[in-house]
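A.B. asks: Here it is: the structure, laid out below.
The values are calculated or read from the model by the stated rules, or taken from the named source; none is laboratory data. Note that the structure is predicted; figures quoted are calculated from it, not measured. Here the Cβ is made from the backbone with ideal geometry for all residues, glycine too, and neighbour counts use every protein chain on show. Surface accessibility is based on the protein's heavy atoms, side chains included, excluding ligands, DNA and RNA. Shrake-Rupley method; radii C 1.70, N 1.55, O 1.52, S 1.80 Å.
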Amino acid sequence: MLLLTKIFILFSFFILQADFLWGMQQVKIGVLAKRGSIDALQKWSETADYLTASVDGYQFEIVPLGFQEIHTAVKEEKIDFVLANSAFYVELEKLYGVSRIATLINRNLPGQQTTIFGGVIFSRADRTDIKELDDLRGHDFMAVDPSSFGGWIMAWREFKKNGIDPLADFSSMQYGMTHDAVVYAVLNGDVDAGTVRTDTLERMSGEGKINPALLHVLHPRQIENFPFALSTELYPEWPVAALKTTPINLSRFVASALMAMSADHPAAMTSHTAGWTIPLNYQPVHDCLLELRIGPYKDYGKFTFKDVLRRYWRQITFLTLAVMAVFGVAAYIFCLNRSLRQKKAEVDELNRTLESKVKLRTAEINALLDQERYLREIMRTVADTNELLITSQSLENLLKDSCTRLAEHGSYGFCFIGLREKNALQAIYTDKDSAYSLREPPFAIDDPAQPFTQSPTARCIMNNITVLQELRSESDDVTPWSEKAGKDDFQAIIGLPLCTNIMSDAVGALTVYTRRKEGFEPEEISMLEELAGDIGFAINSFRQKEAVATLERERTANYEQTIFSMVNMIEHRDTYTAGHTARVARYSVMIAREMGLEDKEIRKLQKAAVLHDIGKIATPDSILLKPGKLSAIEHDLIKMHAVAGYEMLSKISMYEELATIIRHHHERYDGKGYPDRLKHDEIPLLASIMTVADAFDAMTTNRIYKARKEIDDAITELQALAGLQFHPEVVKAAVKTLQQIKIPATVDQLPASDLEKRRFSYFFNDKLTGLYNEDYLQIILQNNRGTNEYKCFHGIHLKNLPDYNKQRSWEAGNQLVKAIAEELQINFPDTLLFRAYGNDFALVTKEHIELGKERIEAFTSLRDTGIAVEITHVDLISQGFYTIKKLEKLEILSNRE
């Protein structure tokens, strides 16, 4: 029975697991395995796991693909996304319609991030016969693969620029299939030279596989801020692209997740990347493939017989029919000589017609060439504008510079970008150097009474489509110009909606004015539409970054508010801690500046000093507020505040560094401190500075049982403890900067407010009467030396109270003392009242009062007791400093005695 139960439980577990897995939709990402399948899986599996965790309902899987396998996988739709080199992407885009969604940010060494790469051509360093590209003629050469962009095609282009034909000039041309194999082949002497993509040599060196000193880079190039060995032009990094069959929503989710990946995420670290960015401009890749006539451009410029038939089939058909007509006419003339003249005239007319059509066709071809040149100029302008999407630091600069770059094209007379807010354009950006200008916004886009609503700009936003308008007359232009003159040469206007994604409403519009008589070409419109989409995506990116920054600022403010609320709680519990905290922060900043620390470190130290006693929130009031000396156990408990503060703050990322400083601000240089007994340079420097500032404030502050030191004495003690308790260099700086500091005489551990005095006196209550005891009286007298708050002291001595106790019992004596205390409180409500040494009471007042023994002896509690009263008076202002002396009775002695 037990066995059946276990089998049933296992079966149920597997059923549940299967249901979970079946509920996830599988998504395959094809990755070009340039260094083999194992390396590809190791690099990119973490990214697949990251996407699985970030995109709900999908299970992502990495599919390594060789150079020859990618076309088949995309064509047969065996994968959903493809990550390959830039040349593969351009070819797959042309052949199968894949579309890029993000571009990789490459990282090889710490702090190095690039979105571009190139190729490096190299030989062994000991090959003295191969030092330049031209030296490769007649030698063996190895590339990664005929289709490898970084591992061959970039180098091929450089060879062509330098007049080298690899197939004709090299003794052999070989392919290693992986980048590592090419490097090993050159090092082993199997070939004379080779080429791989940039960062391959640095990665293999970092992995300990090669010694880069054994290699020599041919045709080296130095590009600012590019950290790798380079021999070729630079091209955009690998893109990740979606197949045309991949759902749009899935593509959007994947793009958002990738661009949200931080540079220090485990997936980024494993793939040696710094995350992902918006798709870059891949026109340089097109130019490279076009120049080499490979990939999608392999047949570019060839004019075959099929092309002749496809382009000139009408003319060929017409010529064939004409020839047939000529033969028919000749036969007819041969047979019917009667029509000779008539047919000859028809032939002459036919010849004239053919000549005119040839001229017309020649003109059409010239027009096509002019159109091609024009479109190339447009392509360059759009490509230059696209570069701004990466380099611009702010949204305003991006939009203004985009308009400036477009306006530099000769045919574009003017352009502007308007951003929508509700149903009006609230912000307008134009070419800063333009001779034309618009009126100040806003411009309503849905008000029929406003002419602007009929403009291409307003219509493209409201309908979310491209709107083209020809300007046949001046009245057709409803643009809100600030001045109308000089706009008559514009031939057409195009308004293009700016959308943050395919499904969103337009957030604005790009409007372009052309002087070209033919207006806008269809291909030109397509390029401008793609540019508008990229600008819309960039607008969304800037706005999302600002939203994220706002949230981060709010989160930081909330953390700081919470932390400083806790500090405020401690200050309300213990005013001394508040004043002490402020002074330690001040002294710490002064010492740090004397030591020449950077402002950033000084600000960090100041924050840590403000929070250094935050752990005391966990210290019981009975210990924290105890005004006297602590016991060993109490001292151990209060020492825990350093660790408590660390544990509270270390769990918050923005306070991690401060937490470490706070944890170690009670360590000693000789290793005898707490909590970790660190010594010497094991202690963080900022913590060592705070230790000296903390100790200096303690030395120069009045304590209940210990008077404060003078500054010179405190400095001397710091110097004496340098190298033992304190860091010697910190002490040197403290001696220089704290020597001239002014410390108020009232800086002490005594309470300031009435509430604090009551809490403080809790530790000094007389147990029988509830009045203050002689210890608190001593504290009041000591503190009055600096404040002169109290002016008058009266002592009340019960002369024969011991006899009363003997006659009527100690209990009766206690009841009498309590009754006297109650009457004193009733008669002197605003006076500090004390019971001292059993037989004495004391009154301390802020103003002088007259008190005779008759007033006390008149108390109801003293009637018929036989108790005699003796009154003593001391002027607290005139006699300066006082101490309590207990002989037969309570006496107050001044410093003069």
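A.B. asks: Could you figure out which of (1) polar (S, T, N, Q); (2) assigned to a loop (DSSP other than H, G, I, E, B); (3) open to solvent by 20 Å² or more (accessible area, probe 1.4 Å); (4) in the same structural domain as GLN283 (by the TED database) isn't true of GLN222?
C.D. replies: If we test GLN222 against (1) polar (S, T, N, Q); (2) assigned to a loop (DSSP other than H, G, I, E, B); (3) open to solvent by 20 Å² or more (accessible area, probe 1.4 Å); (4) in the same structural domain as GLN283 (by the TED database), just (4) comes out false.
A.B. asks: Just to be sure I understand, how many residues within the stretch 506-553 are among the charged types (D, E, K, R) and closer than 24 Å to SER392 by Cα? Reasoning before the result, please.
C.D. replies: Taking the stretch 506-553 first, the residues among the charged types (D, E, K, R) are 515-518, 521, 523-524, 529-530, 534, 543, 545-546, 552-553.
Within this subset, residues satisfying the condition of being closer than 24 Å to SER392 by Cα are 529-530, 534, 543, 545-546, 552-553.
Qualifying residue count for the region: 8.
A.B. asks: For the stretch 210-219, enumerate the residues that are free of Cβ contacts under 8 Å to residues at least 60 places away in the same chain and open to solvent by less than 40 Å² (accessible area, probe 1.4 Å). Can you show your working first?
C.D. replies: Pass one, the stretch 210-219, residues free of Cβ contacts under 8 Å to residues at least 60 places away in the same chain: 210-212.
ILE210 - this is the single residue of the stretch 210-219 that is free of Cβ contacts under 8 Å to residues at least 60 places away in the same chain and open to solvent by less than 40 Å² (accessible area, probe 1.4 Å).
A.B. asks: Enumerate the pairs (first residue in the stretch 220-238 and over 21 Å from SER86 (Cα atoms); second residue anywhere and in a loop (DSSP other than H, G, I, E, B) and of a type in the set (Ser, Thr, Tyr)) with beta-carbon separation below 8 Å, excluding pairs fewer than 6 apart on the same chain, so at least 6 apart or on different chains.
C.D. replies: PRO220/SER231
A.B. asks: Read through the list (1) open to solvent by 30 Å² or more (accessible area, probe 1.4 Å); (2) modelled with pLDDT under 80; (3) not in a helix (DSSP H, G or I), then give the number of the only condition that LEU637 fails.
C.D. replies: (3)
A.B. asks: Looking at LEU724, is it touching a helix residue (DSSP H, G or I) at 6+ places or on another chain (Cβ under 9 Å) and either open to solvent by less than 60 Å² (accessible area, probe 1.4 Å) or not in a helix (DSSP H, G or I) (or both)?
C.D. replies: No, not satisfied.
A.B. asks: Please specify each residue of the stretch 437-454 satisfying the condition of being part of a loop (DSSP other than H, G, I, E, B) and within 16 Å of GLN426 (Cα to Cα). Steps first, please.
C.D. replies: So in the stretch 437-454, the residues part of a loop (DSSP other than H, G, I, E, B) come out as 437, 439-442, 445-450.
Passing the criteria: SER437, ARG439, GLU440, PRO441, PRO442, ILE445, ASP446, ASP447, GLN450.
A.B. asks: Residues in the stretch 45-60 that are in contact (Cβ under 8 Å) with a residue 40 or more places away in the chain and of a type in the set (Asp, Glu): how many?
C.D. replies: 2
A.B. asks: From the set of residues in the stretch 247-262 that are open to solvent by 30 Å² or more (accessible area, probe 1.4 Å), of a type outside the set (Val, Ile, Thr) and assigned to a helix (DSSP H, G or I), which is nearest to GLU237 (Cα to Cα)? Can you show your working first?
C.D. replies: In the first step, residues of the stretch 247-262 are kept if they are open to solvent by 30 Å² or more (accessible area, probe 1.4 Å); the result is 247-249, 252-253, 256, 259-260, 262.
Narrowing further to those that are of a type outside the set (Val, Ile, Thr): 247, 249, 252-253, 256, 259-260, 262.
Filter again for assigned to a helix (DSSP H, G or I), leaving 249, 252-253, 256, 259-260.
Working: ASN249: 24, ARG252: 20, PHE253: 21, SER256: 18, MET259: 15, ALA260: 18 Å.
Restricting to residues being open to solvent by 30 Å² or more (accessible area, probe 1.4 Å), of a type outside the set (Val, Ile, Thr) and assigned to a helix (DSSP H, G or I), the top hit is MET259.
A.B. asks: Which members of the stretch 184-205 meet the condition of being over 18 Å from ASP145 (Cβ atoms) and more than 40 Å from the chain's Cα centre (by Cα)?
C.D. replies: Those that are over 18 Å from ASP145 (Cβ atoms) and more than 40 Å from the chain's Cα centre (by Cα): LEU187, ASN188, GLY189, ASP192.
A.B. asks: So, one more: Buried (at least 16 other Cβ atoms within 10 Å of the Cβ) and within 27 Å of GLU396 (Cα to Cα): is that true of ALA444 in this structure? Give the derivation first.
C.D. replies: Details: buried (at least 16 other Cβ atoms within 10 Å of the Cβ): yes; within 27 Å of GLU396 (Cα to Cα): yes.
Spelling it out, ALA444 is indeed buried (at least 16 other Cβ atoms within 10 Å of the Cβ) and within 27 Å of GLU396 (Cα to Cα).
A.B. asks: Looking at this structure, is PHE490 in a loop (DSSP other than H, G, I, E, B), surrounded by 13 or more Cβ atoms within 10 Å (Cβ to Cβ) and either in contact with a Lys or Arg (Cβ under 6 Å, 6 or more places away or on another chain) or aromatic (Phe, Trp, Tyr) (or both)?
C.D. replies: Details: in a loop (DSSP other than H, G, I, E, B): yes; surrounded by 13 or more Cβ atoms within 10 Å (Cβ to Cβ): yes; either in contact with a Lys or Arg (Cβ under 6 Å, 6 or more places away or on another chain) or aromatic (Phe, Trp, Tyr) (or both): yes.
Criteria met by PHE490.
Here's the yes/no breakdown for (1) modelled with pLDDT of 90 or more; (2) within 27 Å of PHE764 (Cβ to Cβ); (3) out of contact with any Asp or Glu (no Cβ under 8 Å at 6 or more places or on another chain):
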site	(1), (2), (3)
ASP697	no, yes, yes
ASN702	no, yes, no
THR737	yes, no, no
ILE741	no, no, yes
PRO744	no, yes, yes
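A.B. asks: If ARG124 passes every condition in (1) under 17 Å from VAL31 (Cβ atoms); (2) in the same structural domain as ALA213 (by the TED database) but one, which one does it miss?
C.D. replies: (1)
A.B. asks: Applying the selection to the stretch 76-89, what residues are assigned to a helix (DSSP H, G or I) and surrounded by fewer than 24 Cβ atoms within 10 Å (Cβ to Cβ)?
C.D. replies: To start, the set of residues in the stretch 76-89 that are assigned to a helix (DSSP H, G or I) comprises 86-89.
Residues satisfying the conditions do not exist here.
A.B. asks: Among the residues of the stretch 138-154, is there at least one that is of a type in the set (Ser, Thr, Tyr), open to solvent by less than 10 Å² (accessible area, probe 1.4 Å) and under 24 Å from GLU224 (Cα atoms)? Walk me through it before giving the result.
C.D. replies: Keep residues of the stretch 138-154 that are of a type in the set (Ser, Thr, Tyr), which gives 147-148.
Next, only the ones that are open to solvent by less than 10 Å² (accessible area, probe 1.4 Å) stay: 148.
From what's left, under 24 Å from GLU224 (Cα atoms): none.
No: zero hits.
A.B. asks: Additional query: Would you mention how many residues in the stretch 847-867 are closer than 17 Å to LEU824 by Cβ, outside any helix (DSSP H, G or I) and either of a type in the set (A, V, I, L, M, F, W, C) or open to solvent by 50 Å² or more (accessible area, probe 1.4 Å) (or both)?
C.D. replies: The qualifying residues number 7.
A.B. asks: Among the residues of the stretch 61-75, is any in contact (Cβ under 8 Å) with a residue 40 or more places away in the chain, open to solvent by 10 Å² or more (accessible area, probe 1.4 Å) and among the hydroxyl-bearing types (Ser, Thr, Tyr)?
C.D. replies: No, that holds for no residue.
A.B. asks: So, of the residues in the stretch 157-183 that are under 40 Å from the mean Cα position of the chain (by Cα) and outside any loop (DSSP other than H, G, I, E, B), which turns out to be surrounded by the fewest Cβ atoms within 10 Å (Cβ to Cβ)? Break it down into steps so the answer makes sense when it comes.
C.D. replies: Kept after step one, since they are under 40 Å from the mean Cα position of the chain (by Cα), are these residues of the stretch 157-183: 157-158, 177-183.
Narrowing the set further to residues that are outside any loop (DSSP other than H, G, I, E, B) leaves 157-158, 179-183.
Numbers: ARG157: 19, GLU158: 20, HIS179: 27, ASP180: 21, ALA181: 17, VAL182: 29, VAL183: 24.
So, considering only residues that are under 40 Å from the mean Cα position of the chain (by Cα) and outside any loop (DSSP other than H, G, I, E, B), the one surrounded by the fewest Cβ atoms within 10 Å (Cβ to Cβ) is ALA181.
A.B. asks: Select, from THR353, THR385, THR381, the only residue that is open to solvent by less than 80 Å² (accessible area, probe 1.4 Å), touching a His at 6+ places or on another chain (Cβ under 7 Å) and at pLDDT 75 or above.
C.D. replies: Numbers: THR353 fails: touching a His at 6+ places or on another chain (Cβ under 7 Å); THR385 fails: touching a His at 6+ places or on another chain (Cβ under 7 Å).
Within the list THR353, THR385, THR381, the selection yields THR381.
A.B. asks: Name the one entry in TYR332, TYR282, TYR297, TYR235 that is of a type in the set (Phe, Trp, Tyr), crowded, with 18+ Cβ neighbours inside 10 Å and farther than 30 Å from LYS43 by Cβ.
C.D. replies: On the way: TYR332 fails: crowded, with 18+ Cβ neighbours inside 10 Å; TYR282 fails: farther than 30 Å from LYS43 by Cβ; TYR235 fails: farther than 30 Å from LYS43 by Cβ.
Unique residue meeting the criteria: TYR297.
A.B. asks: List the number of the failed condition for ARG420; all other conditions in (1) modelled with pLDDT under 80; (2) more than 19 Å from ASP433 (Cβ to Cβ); (3) open to solvent by less than 70 Å² (accessible area, probe 1.4 Å); (4) of a type outside the set (Asp, Glu) hold.
C.D. replies: Here ARG420 clears every test but (1).
A.B. asks: If we only count helices (runs of 4 or more DSSP H) wholly inside the stretch 752-831, which ones have 1 or more residues that are surrounded by 16 or more Cβ atoms within 10 Å (Cβ to Cβ), in contact with a helix residue (DSSP H, G or I) (Cβ under 8 Å, 6 or more places away or on another chain) and modelled with pLDDT of 80 or more? Working first, answer last.
C.D. replies: Working: elements: 754-761, 774-787, 801-808, 810-827.
Here the list reads 801-808, 810-827.
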